[in-house]
1. Working only within the stretch 13-39, note down all residues that are open to solvent by less than 20 Å² (accessible area, probe 1.4 Å) and under 23 Å from LEU92 (Cβ atoms).
2. Please enumerate the residues belonging to the stretch 1-12 that are of a type in the set (Asp, Glu) and either buried (at least 19 other Cβ atoms within 10 Å of the Cβ) or within 16 Å of the ligand (Cβ to nearest atom) (or both).
3. Across the stretch 45-59, what is the total count of residues that are assigned to a loop (DSSP other than H, G, I, E, B), in contact with a strand residue (DSSP E or B) (Cβ under 8 Å, 6 or more places away or on another chain) and away from the ligand (no atom under 16 Å from the Cβ)?
4. Looking at the stretch 64-83, is at least one residue touching a Cys at 6+ places or on another chain (Cβ under 6 Å) and free of Cβ contacts under 8 Å to residues at least 40 places away in the same chain?
5. Filter the stretch 76-127 down to the residues that are out of contact with any strand residue (DSSP E or B) (no Cβ under 6 Å at 6 or more places or on another chain) and among the charged types (D, E, K, R), then identify the one that is most open to solvent (accessible area, probe 1.4 Å).
6. Out of ASN199, ASN246, ASN207, I need the residue that is under 23 Å from ARG132 (Cα atoms) and among the polar types (S, T, N, Q). Which one?
7. Under the condition of being within 16 Å of the ligand (Cβ to nearest atom) and part of a strand (DSSP E or B), which residue from the stretch 204-248 is most open to solvent (accessible area, probe 1.4 Å)?
8. Would it be correct to say that ASN42 is assigned to a loop (DSSP other than H, G, I, E, B) and open to solvent by less than 10 Å² (accessible area, probe 1.4 Å)?
Amino acid sequence: MLNIEFTKMHGLGNNYLYINLFEHTYDEALFVPLAIAMSDVNRGIGADGLVLIHQTADADCGMRIFNKDGSEASNCGNALRCVAKYVYDRGLLPRATFTIQTKSGINYVSLQVANGEATSITINMGQPKFERQAMPMQGEATAHVIHEPFDVDGETLHMTNVFLGNPHAVFFVEHIEQAPLYTLGEKIEKHPIFPERTNVEFIEVVNDTELNFRVWERGSGVTEACGTGACGAVVAAVVNGHCKRNEDVTVHLAGGDLTIKWDEAGDVWMTGPAAFIADGTFFYNQ
Ligand SMILES: N[C@H](CCC[C@H](N)C(=O)O)C(=O)O
C-alpha cells in the first residue's frame, strides 16, 4: 500500500487533489490509475481530478493535470490559480510574480496578496488558436469554426471552436438554465469529429461585459467552473461580436465569477480566487 500525501483545493468549486512532487517522487506509471482512484467519490477522496506540482528547468515550477477519468490534459485554468496559491502560501515560491509550466506552455502569474496569502491570482493564459488542426477536429486543417452549424443527436446547434492549450466547443444559448448540458454535453465531448474529445461550454450573453456560463468538461463531466473554458467563452464572444477586445468581461460560472480579458497583444488574461480545502493522506492499494 502507498500512503499518498495530498492537498485538496478548489477554484470556484472546480476541485482537484494536489500532490507536491517537490517533496515526493513516484513512478510515472502511477499517475493515471491514481487520478482515477483518488477522484472517485465513493472509494477515494472525490475530486474533478489530480494535479501534480513539480520542479522544472523551464519555469519557476511545473504543473500536470489529470481529469477524473485519468486522461491527462495540457492546461487547466482553475488548477493554475490553485498551484500559484499553493506555492506562494506554502513558501515554495515566496514571490508575487512567477511562471508555471504546463504541457501547453509557460504561463505568467501575478498574485494579489494579504497577510502572507494569495487572495486573487491573475494568469496570462496565452493566445487562442482557431484552426481545426489545433483542437484537433476533422475537416480542413487550417479552417476556423465560428458559429457553424453542428448536428448532434438530431439537433442543429451553432458551434465556435477555441483552443487555449486545450479544446473548447462553445455554444451560445438564449437562457443558460436551458443549456443542454446533461443531454448533449457528453455527446459533443465524445463526438467522432473530435479525435481527442473536447470540452463543451454553453454561454448566455448578458451584455457586452457579462456572460453566463456552464460547462461539460472533457474527462470530468459537469464541473462548477472551468478556467480555460471561461477564457474560451470570452474569445468566442468577441469573435462573434458579443464582447470587445481589451475589455474586462465578467464570466458568471456555476461556482462563481472570473474576470477575463483578451488584450490587443492577443493574450488572454484570467483573474480569480483559489482556496485550500484540506490536507490528507490517501491509502492507495495498487
Ligand atoms: N477537462 C479539461 C482540463 C481541465 C480544465 C478546467 N478544469 C479548467 O479550469 O481550465 C481538459 O480535458 O482539457
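1. ASN14, TYR16, LEU17, TYR18, ILE19, ASN20, LEU30, PHE31, LEU34, ALA35, MET38
2. none
3. Count: 5.
4. no
5. Here the answer is LYS103.
6. Just a single option satisfies the conditions, and that option is ASN199.
7. Only one residue tops the list, namely ARG214.
8. Judged against the criteria, ASN42 is not a match.
The values are calculated or read from the model by the stated rules, or taken from the named source; none is laboratory data. Note that the coordinates shown come from a computational prediction; the quantities given were computed from them, not determined experimentally. Every residue, glycine as well, gets a Cβ built from its backbone with ideal geometry; the counts of neighbours run over all protein chains shown. All accessible areas refer to the heavy atoms of the entire protein, side chains included, with ligands and DNA or RNA removed. Shrake-Rupley method; radii C 1.70, N 1.55, O 1.52, S 1.80 Å.
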